[in-house]
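Engineer: Right, I'll just put the structure down here and ask away after.
The values are calculated or read from the model by the stated rules, or taken from the named source; none is laboratory data. In this text the structure is predicted, and so the values were computed from the model without any measurement. Note: ideal-geometry Cβ built from the backbone for every residue, glycine included; neighbour counts use all protein chains shown. SASA here: full protein model, heavy atoms, side chains in, ligands and nucleic acids out. Shrake-Rupley method; radii C 1.70, N 1.55, O 1.52, S 1.80 Å.
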Amino acid sequence: MAEGTLKELLATVPQEGELTWIGLRPARGAPVEVRTEAELVAHHGLEGDRYRGRKGGAGKRQVSLVQAEHLPLLAAWTGHDAVDPAWLRRNLVVRGINLVALKAHRFRIGDAVLEGAGPCEPCSKMLDALGAGGFAAMRGHGGIVARVVLGGRIRVYDPVRSLGPRPA
């Protein structure tokens, strides 16, 4: 069995994922606009998203991502046949790679490079979206937030690849 230090183990994310969904939130409370492609702007976020328009950039929450594999779990825990990603008000849905493993990594999607900035915690809107227990169901399954290091075009079906741990 291979051994390594914890630092080495955390630095290794060999899986490649795939972008499966893109959603923009043009204003607070506005319906999510589903897209097949979008433009990421360095240090700001997604063009057309409400977080993109913030003065001085959007801080660490420039883009929010959620794991596609968690959607069936959320549906089961909240009594839905399926969960529409728009209900969760995240920007991107990714499958095939563990987003939690990317929370301290730089990663490429399409032409853009992002940097994991931490967990994306659920908000009280999950009660409206998912019903009773929606907030609790999302705990630990809300995905991550990321900064945009290098802007560029992203498209549904683009690969998602780790570029290694973000610089200290």
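Engineer: DSSP loop (so not H, G, I, E, B), at most 12 other Cβ within 10 Å: list which chymotrypsin sites (Phe, Trp or Tyr not before Pro) in the range 81-168 pass both filters.
Structural biologist: Tyr157
Engineer: Separation between the Asp81 and Leu163 pseudo-spin-labels, each 7 Å from Cα along Cα→Cβ, expressed in nm?
Structural biologist: 4.2 nm
Engineer: Now a separate question. In a GNM of the chain with a 10 Å cut-off on Cα contacts, which of Ala42, Ala75, Ala86 has the highest mean-square fluctuation?
Structural biologist: Ala75
Engineer: Could you grab the relative contact order for the range 17-168? Cα pairs under 8 Å, six or more apart, rounded to a whole percent.
Structural biologist: Worked out over the range 17-168, it gives 32 percent.
Engineer: Gaussian network model of the chain, Cα springs within a sub-10 Å range: biggest mean-square fluctuation belongs to which of Ala76, Ala68, Ala146?
Structural biologist: Of Ala76, Ala68, Ala146, the most mobile in the Gaussian network model is Ala76.
Engineer: Another question, if that's okay. Of the peptides 159-165, 60-66, how do they stack up when ordered by the mean number of other Cβ atoms within 10 Å, highest first?
Structural biologist: Ranked by mean Cβ neighbours within 10 Å, highest first: 60-66, 159-165.
Engineer: Based on a Kirkwood Rh over C-alpha pairs, give the Stokes-Einstein translational diffusion coefficient of the range 90-161 at 37 °C and viscosity 0.692 mPa s in µm²/s.
Structural biologist: Rounded to a whole number, D works out at 249 µm²/s.
Engineer: Hey, got a sec? Which trypsin sites (Lys or Arg not before Pro) in the range 96-149 land in a DSSP loop and have at most 15 other Cβ atoms within 10 Å?
Structural biologist: Of the trypsin sites (Lys or Arg not before Pro), the ones in loops of the range 96-149 whose Cβ has at most 15 other Cβ atoms within 10 Å are Arg139.
Engineer: Under 8 Å for C-alpha pairs, at least 6 residues apart: give me the relative contact order for the range 83-165, rounded to a whole percent.
Structural biologist: It rounds to 39 percent for the range 83-165.
Engineer: Follow-up. Calculate the FRET efficiency for Leu127 and Glu33 from the Cβ-Cβ distance with a Förster distance of 25 Å, rounded to the nearest 0.05.
Structural biologist: 0.65
Engineer: All other residues with a Cβ under 11 Å from the Cβ of Arg95 taken together, and with Lys, Arg as +1 and Asp, Glu as -1, what is their net charge?
Structural biologist: Spelling it out: positives minus negatives among the neighbours equals -3.
Engineer: Using a 1.4 Å probe, what is the accessible area per residue for the chain, in Å²?
Structural biologist: Dividing the accessible area of the chain by its residue count gives 52 Å².
Engineer: Would you mind computing, in nm to one decimal, how far apart the modelled labels at Val100 and Arg139 are, each placed 7 Å from Cα along Cα→Cβ?
Structural biologist: 1.4 nm
Engineer: Of the accessible area of the chain, with the probe set at 1.4 angstrom, what percent is carbon plus sulfur?
Structural biologist: After summing per-atom areas, the C and S share lands at 54 percent.
Engineer: Just the number, please: Stokes-Einstein D of the chain in µm²/s, Kirkwood Rh from C-alpha pairs, 10 °C, 1.306 mPa s.
Structural biologist: The Stokes-Einstein estimate is 99 µm²/s.
Engineer: If packing is taken as the average number of other Cβ atoms within 10 Å across a peptide's residues, how do 88-101, 23-36 rank, most packed first?
Structural biologist: 88-101, 23-36
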